[in-house]
1. Charges at C-beta only: +1 for Lys and Arg, -1 for Asp and Glu. How large is the resulting dipole of the chain about its Cα centre, in Debye rounded to 20?
2. Loop-only trypsin sites (Lys or Arg not before Pro) in the range 113-202, please: DSSP not H, G, I, E or B, and at most 15 other Cβ atoms within 10 Å.
3. Rounded to the nearest 500, what is the chain's calculated 222 nm mean residue ellipticity when only DSSP H runs of at least 4 contribute -39500 (n - 2.57) each, over all residues?
4. I need to check one value: relative contact order of the chain, counting alpha carbon pairs closer than 8 Å and at least 6 residues apart, in percent.
5. Once amide H atoms are placed 1.01 Å from N in the peptide plane, what residues at a sequence separation of 5 or more from Val105, or on another chain, have their amide H within under 5 Å of its amide H?
6. Under the classification rounded if a/c is under 1.5, otherwise prolate if a/b is larger than b/c and oblate if not, where does the range 1-70 fall, given a ≥ b ≥ c as square roots of the Cα gyration tensor eigenvalues?
7. Around Ile166, with a cut-off of 13 angstrom between Cβ atoms, what is the net charge of the other residues, counting Lys and Arg +1 and Asp and Glu -1?
8. Quote the charge dipole size of the range 221-288 about the Cα centre in Debye, to the nearest 20; the model charges only the Cβ of Lys and Arg (+1) and of Asp and Glu (-1).
Amino acid sequence: MNDKQEVHCIIVSKHDAEKAIRILKKSGILATGFKIIRCNDVIKIPITGKTLPKEVEEDLTKEGVVFKESVDRFEPKTFIKTYKDLIKNMPRSVLDKLPTSYDIVGEIILIRLPEELRSYSHIIGNALLNFHKNVKGVYEILGETHGVERVTPLKLIAGHKVEKTIYVEHGIKFVVYVGKTYINPSLCFEHARIAKEVYDGEKVLDMFCGIGGFSLHIAYAKKVEVYATDINPYAIMSLISSLKINKLKGKVYPVLGDSSLIYSKFFRGVFDRVIMNLPAYSHVFLKHACKVLKEDGGVIHYYRFAESINEVIYEISRTINSIRRIVKFLNMRTVLEISPRKRLYVVDVYVM
């Protein structure tokens, strides 16, 4: 507990406390850094300075507040600005390495911890749990997203295990199966950006839809048909559940399976736009995306991990020009910085 300090104050009855605090606050002399003392039927309110200004005395009297000036020992308030303020008995060298960012996904928190903080994971998790009152479970991200189903390894470090939660992004609700589906709140800007690019009446293929980040944003904003495909059954289950709790302008058709096999075989020349958010392997499917675009042209949104944007442009040019013709590079930007030598880029390209 903090050491108490001697502070000037006024003593009023508990019935006059609200009026007195309002007047002191308005006058700027309420000592907000200290806790008010409640003692039986009286309240001791700390003030700045050693005496009440005359005009404040007059304001209190006009309001019918009976008061007495005094001095007492007050406990300083503890200002909690981040979860770090709740962590005690941890070496300074370790405190300085606590992460400043983490993701809140519905009722859970996802956080990455450096190796030297692993032994303190339970303490960190409980601090986050106490700081965010609506959170039920805190999970440590143990590694990178892996496998064709894009699953991120998680470990519960505080609270209760959460099987399923609802994550809200720009007013759109997403059902998330924790630890079984890919979720990245950092892509919220991209979801909204692509939705703005789409026109009413388009047919869109979301080749690796996950829980439907792009698909739901697009159908929420535009009168379109979106074919959303993923090989992860939990991702498709999430999307189907999300469709039931959102009011959409467009239609979304969830499809479980390998989009390269399904669409390049049965949907050649169908789509106005293809979204390729599979950054580690999107180059493998680029030819398939070209095949499903309409013959008179369409747009590909290509997401890719690389060291530089030039690598991505070269990869796109070499692959697409062997099948079709690039009319224009519409947009290119860095989406996320993964490490000093690895970034997530997006390139939007119009193909004929």
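The values are calculated or read from the model by the stated rules, or taken from the named source; none is laboratory data. What you see is a predicted model; the values in this text were computed from it and never measured. Every residue, glycine among them, receives a Cβ derived from its backbone with ideal geometry; neighbour counts consider all protein chains shown. Note: accessible area is taken over every heavy atom of the protein model, side chains too, but ligands, DNA and RNA are not part of it. Shrake-Rupley method; radii C 1.70, N 1.55, O 1.52, S 1.80 Å.
1. For this selection, approximately 440 debye.
2. Those satisfying the criteria are Lys133, Lys161.
3. Helix contribution divided over all residues of the chain: -8000 deg cm²/dmol.
4. 9 percent
5. Leu110
6. Verdict is oblate for the range 1-70.
7. Once all neighbours under 13 Å are counted, the net charge is +1.
8. 340 debye
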